[in-house]
Amino acid sequence: MSIPIASTSTALALPNSTALTGQMLNDLTKALGVARTSLASDTQIAHAWSNLPRLLEKIPPHHRNETMVRMCVAVSTGLFDAAINYIWNSAVTELRDKVRSFGLTVVHHVTGNTFDEDSLLDLKDADLLNLCLKLNLISEDGFFFLDQCRATRNNFSAAHPSMGTLDEDEFLNFLSRCAKHALSNEYNARGVDIPAFIAAIKASSFTQEQLNTWIQRLQQTFDAQRNALFGTFHGIYCDPASGEEARQNAIKVFAPFKTTLSPRVQSDLIDRHQEYKAKGDDKRSKASLQFFENLGLLALLGDAELHAIFTTASSNLLTVHNAMNNFYNEPPFARRLAEIMNGSAVPASAQYAVVEAVTTCAIGNPYGVSNAAVPSYDRMIRSFSPNEVAILLNFGSQPKTVIGQRINNYPSCRKRFAALTSMIAASSVPTQSKAQYDFWAAEAKK
């Protein structure tokens, strides 16, 4: 969004012009045989003139140029229709400068057409306002008020045959809007050169300085371009032709924005993922899952998708646990499941499989437990939901399950199961599981 910068200028003191122009206007209209009432009255001029300093102070000093002087001269003589023309020209000039600062070479990504200096100068005022809105150089409020100023200037200024006359209040309102929404807004968004950005992502691994620079440029650009680039990052990550450096660059640039994604961006990412699945593109589909997982965005996917992710990770962990060298091989599989759980709640349909895998591995076998994996198991158990806690406690009274058999047959496994229950907060235990919880809490103290 555009950020207005408060003016730090000193108070303006305009000369008293009423005494000079009042008599001059009387003499001029008399000489030409025109009624003095055809011009603004001395009272109207004095009112506009007395309010000018307050409004001019809102305009940064570098915008108070010869055009502003002409505007003041017009106001001093009551020519409000000429005065609004001068201030509007200053506003249009500033908006064009904002587009230049944004980057003419980048504008074509928004317009879809070639855009250069001549294109900018050829833009009608209405088109210029629309472009500035798209580029986030003015806010929606700013667009609304400036567009009203544009219509006023076209129909009531000296630039065209006028539909009527303006009084001093209408002029002051016009000046206030141009000052606030065009001239005193010193924040200029800068567009991202998309081809250059993509080339940089694919070239080599970003240094920290490069990463910070591109993140800053994304923050400064307009919403539409930033949102479009989020989809581009996802596409680069999922492209089988992308190197690992490019994939990691895409993730790193995306990461700072993951908590502020708009609903539209979230929907677009989900649609892209589902499209890969619908086309049977397994490579891109799997990469897309990794993209969501690495960013902690698995919650955006539906329960069916999450079910498969959690049950697959749980099954893989159990397979490794039951294989040779399990104490050595378990840790990475345990960390992966813990990372998935950290990024998303376990769907109800997958909770049994997750709790079974974690509990089985956490109590170990008669020979012990994978010590390097224990921190992951402890972290997952402490994060169990009340329903997951109930599932864990139920295993203690189910002798036909692997967990139940180990608890009943191996004292070391029983001791570890009791220790697991002691990590669970009493407030997380469902009412129906209180008796089981109390039993194992007592076992842990033996």
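Rule-based calculations on the coordinates, nothing more; no lab input. In this text the structure is predicted, and so the values were computed from the model without any measurement. Note that we place each Cβ from the backbone using ideal geometry, even for glycine, and neighbour counts take in every protein chain shown.
Please compute the volume of the convex hull spanned by the alpha-carbon atoms of segment 303-444 and report it per residue in Å³.
98
Hey, got the dipole for the chain? About the Cα centre, +1 on K and R Cβ, -1 on D and E Cβ, debye to the nearest 20?
Value, rounded to 20: 1880 debye.
Taking N as the number of residues in segment 194-300, what value does Rg over Cα atoms divided by 2.2 N^0.38 Å take?
1.01
Stretch Ser176-Asn65 to full length: gain in nm at 0.36 nm per residue minus the Cα-Cα span?
Fully extending the segment from Ser176 to Asn65 adds 38.3 nm.
From zero up to wherever the largest Cα-Cα distance of segment 200-256 sits, split into 5 Å bins and tell me the percent of pairs in each.
P(r) over segment 200-256, rounded to whole percents: 4, 21, 31, 26, 15, 4, 0.
Considering all projection directions equally, how large on average is the shadow of the alpha-carbon convex hull of the chain, in square nanometres?
32.3
Students often check this: by mean Cβ neighbours within 10 Å, which of 436-443, 422-429 ranks highest, and how do the rest follow?
Output ranking for 436-443, 422-429: 436-443, 422-429.
What is the magnitude of the charge dipole of segment 295-446 about its Cα centre, with +1 placed on the Cβ of each Lys and Arg, -1 on the Cβ of each Asp and Glu, and no other charges, expressed in debye to the nearest 20?
With only Lys, Arg, Asp and Glu charged at Cβ, the dipole is about 540 debye.
Cα gyration tensor of segment 18-183, axes a ≥ b ≥ c as square roots of the eigenvalues: rounded (a/c below 1.5), prolate (a/b > b/c) or oblate?
prolate
Kindly write out, for segment 343-352 in residue order, the coupling ³J(HN,Hα) from the Karplus curve 6.51 cos²θ - 1.76 cosθ + 1.60 (θ = phi - 60°), rounded to whole Hz, with x marking Gly and Pro.
x, 7, 5, 6, x, 4, 5, 10, 5, 4
Suppose R0 equals 25 Å. What FRET efficiency, 1/(1 + (r/R0)^6) with r the Cβ-Cβ distance, do Asp239 and Leu104 give to the nearest 0.05?
0.25
If neighbour count is taken as other Cβ atoms inside 10 Å, put Thr260, Thr18 in order from fewest to most.
Thr260, Thr18
Using +1 on the beta carbon of Lys and Arg, -1 on that of Asp and Glu, and nothing else charged, what's the dipole of segment 194-300 about the Cα centre, debye to 20?
The calculated dipole for segment 194-300 is roughly 60 debye.
Show me, bin by bin at 5 Å from 0, the whole-percent P(r) of segment 365-433 based on Cα pairs.
Calculated P(r), rounded to whole percents: 3, 17, 25, 25, 20, 8, 1.
Would you work out which of Trp49, Ser157, Cys178 lies farthest towards the positive end of the dipole of segment 18-183, given +1 charges on the beta-carbon of Lys and Arg and -1 on that of Asp and Glu, about the Cα centre?
Trp49
Any chance you could tell me what percent of the C-alpha pair distances in segment 394-446 go past 19 Å?
Here the long-distance tail beyond 19 Å is 23 percent of all Cα pairs in segment 394-446.
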